[in-house]
Amino acid sequence: MTVNGPRGLSHLKSLESESIEIFREVAASFERPVMMYSIGKDSSVLLHLARKAFFPSRIPFPILHIDTKWKFREMIEFRDRMAREHDLDLIVHTNPDGLAAGINPFDHGSAVHTDIMKTQALRQALNAGQYDAAIGGARRDEEKSRAKERIFSHRNAQHAWDPKNQRPELWRIFNTRLAPGESMRVFPISNWTELDVWTYIYAEGIEIPDLYFARRRPVVERSGTLIMVDDDRFRFNPGETAREEMIRFRTLGCYPLSGGIRSDAADLPSIIMEMQASRTSEREGRLIDSDSVGSMERKKQEGYF
Amino acid sequence: MSNVLATALSAETALDLWLAEQTDKGLLRFLTCGSVDDGKSTLIGRLLYDSQLILDDQLASLRKESRNRTTGEEGIDFSLLVDGLTAEREQGITIDVAYRFFSTDKRKFIVADTPGHEQYTRNMATGASNADLAIVLVDARKGVLTQTRRHSFILSLIGVKHVVLAVNKIDLVGYDAGVFDAIEAEYRAFAADLGFETLVAIPVSALRGDNMLAPSANMPWYRGPQLVPYLETIEVASDRVEKPLRFPVQWVNRPDLDFRGFSGTVASGVVAVGDDILIAASRKPARITRILTMDGDQPRAIAGEAVTLVLDREVDISRGDVLVHPGETPDYSNQFQARLVWMNDEQAIPGRSYLLKLGAQLVPASITDLKFRTNVNTLEHSAAKTLELNEVGTVTIATDKPIAFDSYADNPLTGSFILIDRISNATLGAGVIEYGLRRAQNLSYQSFDVNRKVRAELKGQTPQIVWFTGLSGSGKSTVANLIEKRLTAEGKHAYILDGDNVRHGLNKDLGFTDEARVENIRRVAEVARLMADAGLIVIVSFISPFRNERRLAREIAGDVKFSEVYVNTPLEVCEARDPKGLYAKARRGEISNFTGISSPYEAPEAPDVVLHGAVQDPLRMADELYARIFEWGTGYTI
């Protein structure tokens, strides 16, 4: 009745089974599901679980990547390789209005850039695809407001989350019913912790982008945050130059908004150990959260994952 | 782990060791019950802090926020770790179940934290549905309260088997053993009937840390376990693996025409390659030939594993079907009794149509009977016409078509369900099945169309046609009426078709020509057959003078038991009785084609019964015939 493994099942195996069950419930219950793919480690686990859930069938829904055009170049290469290797039905969407307006993190700041190129872009893509279920990789341990997110989280026709009107979720019975125009956000790895994700990646040998591993990379340091100079669009402040440092990333996103950390952890075991020893929370490196207090709650209501 | 890693072991080796340790770790899901006043947030905050899950950045802001508040030696108000919901309260967000994660060297924990007072029953039921254990918090100064009883009742309803009674704020009663003992004794007495498998009471101070991790020096009188070590070691392993196999088919896996598999999670029991299985609904058998995962085929799968099964033959299986072992089948029925927790502002109304979801089965259903409501504070039963939000009722539920289920006590995953509003799609209520009604394990529902057999079983009789023939005035109707009365008095369902009720309606367009007589009998025979199909004992009382007509009637009856009763009364006797004056009229030539006078009567060659109307008393004849009808009924395959 719970993920508490019955004799013989490790907790990772139990978590895996629970997630697979959720994936299958989506495939069986919705007309047009889609899986969000952000190329990060959580997405990599999600993709691996989806492949397991439907094997030997292909994943029976498309994989959607919202490309802000400011992702690390390596992420895009990784994404396209995964799509080829796993025969994915990959859909890439960029907000054409934002692109035309030249929205970028340097001129417009993280809040505007994220809203237009990510939140609004996602809404466009979901509307265009008329998806009734969007699968995401959010976890309940990430942030306080996520702690009470449902696994099957109902969204109204405007993709907004109504926290006052959440459906109670008992046992493993998921209410997947929708009215026309409404949709569901589904989080198969809700009950995983960050450590679970890393140990699972290690145990299963799941491929993740090399950006997670410490390498010498060109960076500039701004108010204590290490920003990687990933391409020639980078705006240097007067007197600023890139210098090589041994860094890695704990979360991946738009490169000008992703803070790296100094690290020597060049392989998975070292990362896991370093992470275990570290005493700062995961989202600290994510610049979008620090823009305003309670931002995650607000972003979620607006439709951000 | 940092100690291990500080050694000279290579990262990889150290990690392998540590990973092995992680894998051996169990996961305990528990629920905390109690209000903020009882120190619940402080308790959870303390657990998170002690497991060193609070990160440096969080700790720094916590110390700042804790000024001017009640803190322990660490200078931290632990409740702030959990109660970071102030902003949400201001926004009017429903405060409901939150899940928190921590781990120790021995175990991983997921805590379902269910704050909020108004929605307490609903939230607690939700949190409890996936919990192995519950911590029931009691303030040592207040003892067992109404609220404590309510929480415990909901735990019992949802089937949480392991309970820790944490008597908190024991420091505020001077670490008094007497206070603790009295609370424990009162709670044990109350909880005796709630079906908890383990119950341990621990005196703690979440704020000061007494009896949280280590024995408290303040309570030398206490010999029991400390909270965290107890949570780390309590054995809650479910016996799901030992229960009968339940494999609900979630998704039919069909990548191409050459492969057809059935994907799902083993809800209970073990399934192995070579096993004979049955589909719970259709009772069709098959054998397991493969158990697939992306990691390769495996010889068996145990409860909790998500796999894909392949069978040895083509059988009709779709989502919602449950695969089981022969001899260990679940209930398969359209009615059961359940306890229902109502979770919506829209009240529960018997007779209204809802959608019921149980496993992967989704069917229309309604509450057919609201037996009583249980007051969650007093546990008293009271009559009720509806259920309001947060109320608990015992109900009968009927589904539009049969579903496979177990009682919740036997198998929580196949014994629990939710009810969904058909218009708003809201989850209205959650239920646990007590038992199936109209137990039907041995009935073959494969052919369960409503048919003569089913209707007959409902009526507890063998449908049949008893066909009377004889001259007008022979006594057919007298005996037929006595038989009908007798059958009805015995609780059987019988009906008489005679000239009076057929000739005036159904057959009033027919005259008395030969063709009309044949058509008359044909229609009567068809109606008799329909009535027998409906499960009735049909008594037909017509002169029916011609053998061919009677043969036709017997043919129309088909496989319905058909008996011919010949009331053999001589013409002279009949004519002498002449109850309706018909013989006189016929003699006067006023009625043409009158049987016995101007038209022949062909006596039956091999009747099932011959009654001698001239010499026998009608009651005796009825008695004799009743015995025969009963005899014909028994042993006859419907």
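Where both bridge residues fall in chain B, DSSP classifies roughly 65% of the beta bridges as antiparallel. Centre-to-centre, using Cα atoms only, region B:561-638 and region B:313-372 are separated by 54 Å. Its DSSP H runs of at least 4 residues, each contributing -39,500 (n - 2.57), put the calculated 222 nm mean residue ellipticity of chain A at -10000 deg cm²/dmol, to the nearest 500. Backbone amide hydrogens, once placed in the peptide plane, bring B:ALA201 within less than 5 Å of B:LEU165, excluding anything fewer than 5 places away on its chain. With Cα atoms defining each centre, region A:179-205 and region A:51-93 are spaced 16 Å apart in the structure.
Residues of region B:303-342 that bury at least 10 Å² of accessible area once all protein chains are present, compared with their chain alone (1.4 Å probe, heavy atoms only, ligands and nucleic acids left out), are B:ALA303, B:GLY304, B:GLU305, B:ALA306, B:THR308, B:ARG319.
Computed from phi, the 3J(HN,Hα) profile of region A:222-231 under the Karplus parametrisation 6.51, -1.76, 1.60 (θ = phi - 60°) reads 10, 5, x, 9, 8, 9, 7, 8, 8, 8 Hz, with x in place of Gly and Pro.
Amide H to amide H distances under 5 Å link B:ASN253 with B:GLY261, B:PHE262, B:SER263, where only residues 5 or more positions off or on other chains count and H is placed in the peptide plane.
Between A:GLU31 and B:VAL273, what FRET efficiency comes out of the Förster formula 1/(1 + (r/R0)^6) with R0 = 41 Å and r the beta carbon distance, rounded to 0.05?
Details: r = 35 Å, r/R0 = 0.85.
Efficiency for this residue pair is about 0.75.
With a probe of 1.4 Å, find how much accessible area region B:240-324 has per residue, and write the answer as a whole number in Å². Intermediate values should be presented prior to the final figure.
Numbers: 3160 Å² over 85 residues.
That works out to 37 Å² for each residue.
For chain A, the longest principal axis of the Cα atoms and the long axis of helix A:105-114 meet at an angle of about 20 degrees. Note on A:16-29: average number of Cβ atoms from other chains within 10 Å of each residue's Cβ is 5. For B:ILE277, nonlocal amide neighbours, meaning residues 5 or more places apart or on other chains whose placed amide H falls under 5 Å from its own, are B:ALA286, B:ARG287, B:ILE288.
Rounding to the nearest 20 debye, state how big the charge dipole of chain B is about its Cα centre with +1 on each Lys and Arg Cβ and -1 on each Asp and Glu Cβ.
On the way: 71 positive and 85 negative charges, 394 e Å.
The dipole of chain B has a size of about 1900 debye.
Cross-link partners for B:LYS485 among the lysines, with Cα-Cα distance under 22 Å and sequence neighbours closer than 8 places in the same chain left out: B:LYS459, B:LYS476, B:LYS561.
Listed cross-link partners B:LYS357/B:LYS401; A:LYS148/B:LYS169; B:LYS25/B:LYS243 are compared with a 20 Å cut-off, the Cα-Cα value being larger for A:LYS148/B:LYS169; B:LYS25/B:LYS243. The longest stretch of chain A left intact once loop-based GluC sites (Glu not before Pro) with at most 14 other Cβ atoms within 10 Å are removed from consideration, loops following DSSP, is A:32-206.
What's the total accessible area buried between chains A and B, using a 1.4 Å probe, rounded to the nearest 100 Å²? So the buried area, both faces added, is about 7100 Å². Structural descriptor for region B:240-324: relative contact order 37 percent, calculated from alpha carbon pairs under 8 angstrom and at least 6 residues apart.
Using mean Cβ contacts within 10 Å as the protection proxy, how do B:590-597, B:462-469 order, highest first?
Highest to lowest by the protection proxy: B:462-469, B:590-597.
The angle between the Cα long axis of helix A:268-277 and the longest principal axis of the Cα atoms of chain A comes to about 90 degrees, rounded to the nearest 10. Please average, across the residues of B:121-133, the number of beta carbons from any other chain that are within 10 Å of each residue's own beta carbon, and give a whole number. Other-chain Cβ atoms within 10 Å of each residue's Cβ, averaged: 3. Annotation: B:TYR222 carries an accessible surface of approximately 30 Å², with a 1.4 Å probe and no ligand, DNA or RNA atoms counted. I'd like the distance separating the alpha-carbon centroids of region B:469-516 and region B:244-270, in whole Å. The two parts, judged by their Cα centres, are 58 Å apart.
At a threshold of 8 angstrom on Cα-Cα distance, excluding pairs fewer than six apart, so keeping six or more, what relative contact order does chain B reach in percent? Show your work: numbers first, answer last.
On the way: 1255 pairs, mean separation 54.2, N = 638.
Normalised by residue count, the contact order of chain B is 8 percent.
Distance between the modelled labels on A:ARG84 and A:ASP232, one decimal in nanometres: 2.5 nm (7 Å Cα→Cβ projection). Straight-line reach from B:LYS585: taking Cα to Cα under 17 Å and skipping same-chain neighbours fewer than 8 places apart, the aspartates and glutamates in range are B:GLU572, B:GLU575.
Counting Cβ atoms of other protein chains within 10 Å of each residue's Cβ and taking the mean over peptide A:170-183 gives 6.
Would you work out the relative contact order for region B:331-445, in percent, from Cα pairs under 8 angstrom that are 6 or more residues apart?
Computed over region B:331-445, the figure is 39 percent.
Between the helical axis of A:194-204 and the longest alpha-carbon principal axis of chain A there is an angle of about 80 degrees.
The values are calculated or read from the model by the stated rules, or taken from the named source; none is laboratory data. Just so it is clear, the model here is predicted, and its values are computed rather than measured. With ideal geometry, Cβ positions are generated from the backbone for all residues, glycine too; neighbour counts draw on all protein chains shown. Quick note on the areas: whole protein, heavy atoms, side chains included, nothing else; ligands and nucleic acids left out. Shrake-Rupley method; radii C 1.70, N 1.55, O 1.52, S 1.80 Å.
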